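Engineer: After the C-alpha cells below, expect a handful of questions from me.
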Amino acid sequence: MEVLAGLTTPIVFGILLGGLYTLIALGLSLVFGVMKVINVAHGDLVIFGSYLAFAAMTMLGIDPILSLVMGMPLLFVIGFGVQRFLLNRAFAVSLDAALLVCFGLSIIFQNFCQIIWTPFSRSLKPPYALESFSVGVVNIPLVYLLDLVTALVVMLLLREFLRRTYLGKAINAASQDTKAALLMGINTGRVYAFAFAIAMAFAAIAGVFLGLTYPFTPTSGVAFLIIAFGVVIVGGLGSMLGTLIGGMVFGLAQTLGGYFLGAVAQMFVAYILVFVILAVRPQGIFGR
Amino acid sequence: MAQETLLKVSNIDVFHGSFQALWDVSLVVKRGEIVALIGANASGKSTLLNTISGLLHPAKGSIEFEGKNISVLDPFQIVTIGISQIPEGRRVFPTMTVLDNLIIGSYNRKARAKKEQNLKMVYELFPILKERKNQLAKTLSGGEQQMLALGRGLMSDPKLLLLDEMSLGLAPIVLNDLYKALKEIRERGITILFVEQNVRRSLKEADRAYIMEVGRVVLSGDVAELREEEEVKKAYFGV
C-alpha cells in the first residue's frame, strides 16, 4: 500500500503532463497524417506561440490564454501562407524539398525569437499559474489540469470537425488517397493549406500551455519537437487517438522513470520506451 | 442516338517525363453515348483518361468539353464542369464510412446543392450501399467497392463519367450487375466513356469503341462494324 500511495503522484502527473505533450504533438501528427511530411519546424512554431503570448502579456497586459484569440488566427494565417506558397511548391519537387523548407523555417523562427525576445529564459506566469489544489495525497498545480482538459477539448473539436464538415472530410480523404481526392473535385493544394493552418493554430495553443507549465527559450523548440516525435511514434503517426494515448504513455514513462530511477533518468526512460515501441511495433500503438 | 458532341479530344501528345505515352490521339464522345476505350496493358488508355481528368496535361493538341478548351484546367476544376473519373482499382477511402465516401463525391460547389437528389439516385441504383452506409468502405467486397466508387463518382453530378478498368478482379456475375447499372446511368442522361481490356465484353456493352495500341488509336467505329473488322478478329479473338 505504501508503494501504491507513493505511485499515485507520478501516475497523476504523468497523465496530466501527457495532456501537454498531446497538445504539442497534435499539429505534428496532423501535418504528417495529411501531407506525409515531418514538420521539423513544429517545435519552433510552438515556442513562437509561447512568445506571442509572452508579448501579449508583457506589452498589452492580456492573459496568455485569452491572447489565443489573436495568436491562433495569426499562426493560422502564417501556416496557410507557408503551405500555399512554400510547401505546396516544394511538394511539386519532392518530399525531401518540403523537409528542407521545414528545416529552414525552424532556423528562421528560432532566430526571429532570439532577435526579438533575447535568448533569456521566459515564462508565462499569470496569478493562476501558481495555484494548486489537493486531491487525496496528490497536490496538483492548476496549469497541469488545464493542460489535460485543453488537450481533451481540442482533440474532441478536431474529431468533430474532421467528421462533420466538408473540409474535414476532404482533409481526411486527401490524407488517405491524394489521387482519388483530386478526382473527387478536391483542390488538394487548398486542403493542405487548411490542414497546415489548423496545425499551426494548434501550435499556438500548445505554445501558451507550454509557457504556463515550463520556462522556455528560443531554442526550446528542439527539445519539444523531439518529445512530440516520441509521442507520435508511440501513438502512431497520423492517428489522432494515438496522439492522445502516446502523450499519456510518454508522460507516464517520464514521471514513473523519474520516480523509480531519479529525476535525471526520466527522459532516458521515456526514450527507451520509444526505442522499444519502434522495435516491437514500428507503426505505433494505433498506427495503420 | 443524340449527335451533339460532348467531348472532343484532338491530336494530343502526352508525356510521362521524357517518355511519350500518347501519340496524336483523337477521340469524340457524343452526348448520351456509351463509348469503350479498348487496349492491352500500357496502351495508353488510363493515360488518356487521366489527361481528360486534368491529372496530366497534353504537350500538343486540345481537349474540348461542351465546346470549351479544358486541357489546361486542374483536376478539381474538371470535376466541377461535369467530368467525373472512377479510377482504376476503385480507390474508395478505406477508413471512411460508405456514406462519407459518397458525400465527399459531392465536394464541388455545384454538386453540394444536389447532394440529396444524387444520393437518392445512387441508393436507387445500388440499394446495398444504403444498407451499408455506416460501414467502413474497406469492409465492403470488391464488387460493392466498385459500386461505391461508381456512386461516389455520380455524387459529383457529372455529365460525363470516365470509368477505368471497372471489371478488374471482379466475378462475371458481379460485372453483369455493374454493366446493367451503366445502362441505367445512361438512361438518366449521363454519358459514359469506359476503359476495358476485355474486347468481347466492351463491344457488347458500348455503342462505339476506340482501340488503342502503344499510345495510338488504331481503330474506331460502331461496335457492330468493329466486330466484323478483320483486324479486330485477328488481333483480339484469335480467328
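Engineer: Please find, within segment A:161-180, the residue that is nearest to the other protein chains (Cβ to nearest Cβ) out of those that are part of a helix (DSSP H, G or I) and farther than 17 Å from A:Phe32 by Cα. Walk me through how you get there before you give the answer.
Structural biologist: Taking segment A:161-180 first, the residues part of a helix (DSSP H, G or I) are A:161-164, A:166-176, A:178-180.
When the remaining residues are screened for being farther than 17 Å from A:Phe32 by Cα, the result is A:161, A:163-164, A:166-167, A:179-180.
Numbers: A:Phe161: 14, A:Arg163: 8, A:Arg164: 10, A:Tyr166: 6, A:Leu167: 9, A:Lys179: 7, A:Ala180: 4 Å.
Restricting to residues being part of a helix (DSSP H, G or I) and farther than 17 Å from A:Phe32 by Cα, the top hit is A:Ala180.
Engineer: On to the next question. For segment B:71-114, which positions are of a type in the set (S, T, N, Q) and either at the interface with chain A (Cβ under 7 Å from one of its Cβ atoms) or over 16 Å from B:Ser53 (Cα atoms) (or both)?
Structural biologist: Start the filter on segment B:71-114 by keeping residues that are of a type in the set (S, T, N, Q), which leaves B:71, B:77, B:80, B:84-85, B:95, B:97, B:101, B:106, B:108.
Within segment B:71-114, B:Thr80, B:Gln85, B:Thr95, B:Thr97, B:Asn101, B:Ser106, B:Asn108 qualify.
Engineer: Out of the residues in segment B:122-175 meeting the condition of being polar (S, T, N, Q) and more than 17 Å from the chain's Cα centre (by Cα), tell me which one is nearest to the other protein chains (Cβ to nearest Cβ). Let's see the steps before the verdict.
Structural biologist: Our first condition is that a residue be polar (S, T, N, Q); within segment B:122-175, this holds for B:134-135, B:139, B:141, B:145-146, B:156, B:167.
Remaining after also requiring more than 17 Å from the chain's Cα centre (by Cα): B:134-135, B:139, B:141.
Working: B:Asn134: 12, B:Gln135: 15, B:Thr139: 15, B:Ser141: 19 Å.
Out of the qualifying residues, it is B:Asn134.
Engineer: Going through segment A:272-288 one residue at a time, which ones are in a helix (DSSP H, G or I), out of contact with any Phe, Trp or Tyr (no Cβ under 9 Å at 6 or more places or on another chain) and buried (at least 17 other Cβ atoms within 10 Å of the Cβ)? Reasoning before the result, please.
Structural biologist: First, pick out the residues of segment A:272-288 that are in a helix (DSSP H, G or I): A:272-280.
Among the residues that remain, those that are also out of contact with any Phe, Trp or Tyr (no Cβ under 9 Å at 6 or more places or on another chain) are: A:272, A:275-280.
Passing the criteria: only A:Ile277.
Engineer: Separate question: Go through segment B:1-19 and give me each residue that's within 16 Å of B:Leu56 (Cα to Cα), among the polar types (S, T, N, Q) and either within 18 Å of the chain's Cα centre (by Cα) or at pLDDT 95 or above (or both).
Structural biologist: Of segment B:1-19, the ones within 16 Å of B:Leu56 (Cα to Cα) are B:9-19.
Within this subset, residues satisfying the condition of being among the polar types (S, T, N, Q) are B:10-11, B:18.
The answer is B:Ser10, B:Asn11.
Engineer: Looking at the structure I just gave you, is A:Arg163 surrounded by fewer than 17 Cβ atoms within 10 Å (Cβ to Cβ) and touching a Lys or Arg at 6+ places or on another chain (Cβ under 8 Å)? Even if it seems obvious, please write down each step before you answer.
Structural biologist: Numbers: surrounded by fewer than 17 Cβ atoms within 10 Å (Cβ to Cβ): yes; touching a Lys or Arg at 6+ places or on another chain (Cβ under 8 Å): yes.
Taking the combined requirement at face value, the residue satisfies it.
Engineer: So the check is Cβ under 6 Å with 6+ separation or different chains; which pairs have a first residue in segment B:30-55 that's in the same structural domain as B:Leu168 (by TED's automatic domain parsing) and a second one that's small (Gly, Ala, Ser) and in a helix (DSSP H, G or I)?
Structural biologist: B:Ala36/B:Ser202; B:Ile38/B:Ser202
Engineer: Which of the helices (runs of 4 or more DSSP H) found entirely inside segment B:85-186 contain at least 2 residues meeting this: at pLDDT 95 or above and crowded, with 21+ Cβ neighbours inside 10 Å?
Structural biologist: Working: elements: B:98-105, B:109-113, B:115-125, B:127-131, B:142-154.
Once the helices (runs of 4 or more DSSP H) in segment B:85-186 are filtered for at least 2 residues that are at pLDDT 95 or above and crowded, with 21+ Cβ neighbours inside 10 Å, what remains is B:98-105, B:115-125, B:142-154.
Engineer: Here is a further query. What pairs come up if the first residue lies in segment A:11-39 and is at positive phi, the second is part of a helix (DSSP H, G or I), and their beta carbons are under 7 Å apart, counting only those six or more places apart or on different chains?
Structural biologist: A:Lys36/A:Leu95
Engineer: Say we look at segment A:14-48 and pick out the residues that are modelled with pLDDT of 95 or more and aromatic (Phe, Trp, Tyr); which of these is nearest to A:Ser94 (Cα to Cα)?
Structural biologist: Top of the filtered list is A:Phe48.
Engineer: Exactly one of these conditions fails for A:Gly238: (1) in a helix (DSSP H, G or I); (2) under 28 Å from A:Leu162 (Cβ atoms). Give me its number.
Structural biologist: (1)
Engineer: While we're looking at this one, here's another question. Name every residue in segment A:183-216 that is more than 16 Å from A:Gly33 (Cβ to Cβ), within 14 Å of chain B (Cβ to nearest Cβ) and surrounded by fewer than 24 Cβ atoms within 10 Å (Cβ to Cβ), in order of residue number.
Structural biologist: Listed by number, the residues that qualify are A:Asn187, A:Gly189, A:Arg190.
Engineer: Kindly evaluate A:Ile205 against the criterion of being modelled with pLDDT under 95 and either assigned to a helix (DSSP H, G or I) or under 14 Å from the mean Cα position of the chain (by Cα) (or both).
Structural biologist: Details: modelled with pLDDT under 95: no; either assigned to a helix (DSSP H, G or I) or under 14 Å from the mean Cα position of the chain (by Cα) (or both): yes.
So A:Ile205 fails the test.
Engineer: If you go through segment B:174-195 one residue at a time, how many are over 17 Å from B:Gly32 (Cβ atoms) and either basic (Lys, Arg) or in contact with a Gly (Cβ under 9 Å, 6 or more places away or on another chain) (or both)?
Structural biologist: Of the residues in segment B:174-195, 6 are over 17 Å from B:Gly32 (Cβ atoms) and either basic (Lys, Arg) or in contact with a Gly (Cβ under 9 Å, 6 or more places away or on another chain) (or both).
Engineer: Could you please find all residues in segment B:58-75 being closer than 24 Å to B:Gly44 by Cβ and outside any strand (DSSP E or B)?
Structural biologist: The answer is B:Pro58, B:Ala59, B:Ile70, B:Ser71, B:Val72, B:Leu73, B:Asp74, B:Pro75.
Engineer: With the requirement that a residue be free of Cβ contacts under 8 Å to residues at least 40 places away in the same chain and either at positive phi or crowded, with 17+ Cβ neighbours inside 10 Å (or both), what does segment B:187-197 give you? Step through it out loud before you land on a result.
Structural biologist: Kept after step one, since they are free of Cβ contacts under 8 Å to residues at least 40 places away in the same chain, are these residues of segment B:187-197: B:187, B:190.
B:Ile190, the sole residue that qualifies.
Engineer: Condition (residue is assigned to a loop (DSSP other than H, G, I, E, B), surrounded by fewer than 18 Cβ atoms within 10 Å (Cβ to Cβ) and facing another protein chain (nearest Cβ under 10 Å)) applied to segment B:36-54: is it met by at least one residue? Quick ask: steps written out before the conclusion?
Structural biologist: First pass over segment B:36-54, keeping only residues assigned to a loop (DSSP other than H, G, I, E, B): B:40-44, B:53-54.
Filter once more, so that each one left must be surrounded by fewer than 18 Cβ atoms within 10 Å (Cβ to Cβ): B:40-42.
Now drop any that are not facing another protein chain (nearest Cβ under 10 Å), which leaves none.
Among the residues of segment B:36-54, not one is assigned to a loop (DSSP other than H, G, I, E, B), surrounded by fewer than 18 Cβ atoms within 10 Å (Cβ to Cβ) and facing another protein chain (nearest Cβ under 10 Å), which makes the answer no.
The values are calculated or read from the model by the stated rules, or taken from the named source; none is laboratory data. If you're wondering where the values come from, they're calculated on a predicted model, not measured in any experiment. Ideal geometry is used to build each Cβ from the backbone, glycine not excepted, and the neighbour counts take in all protein chains shown.
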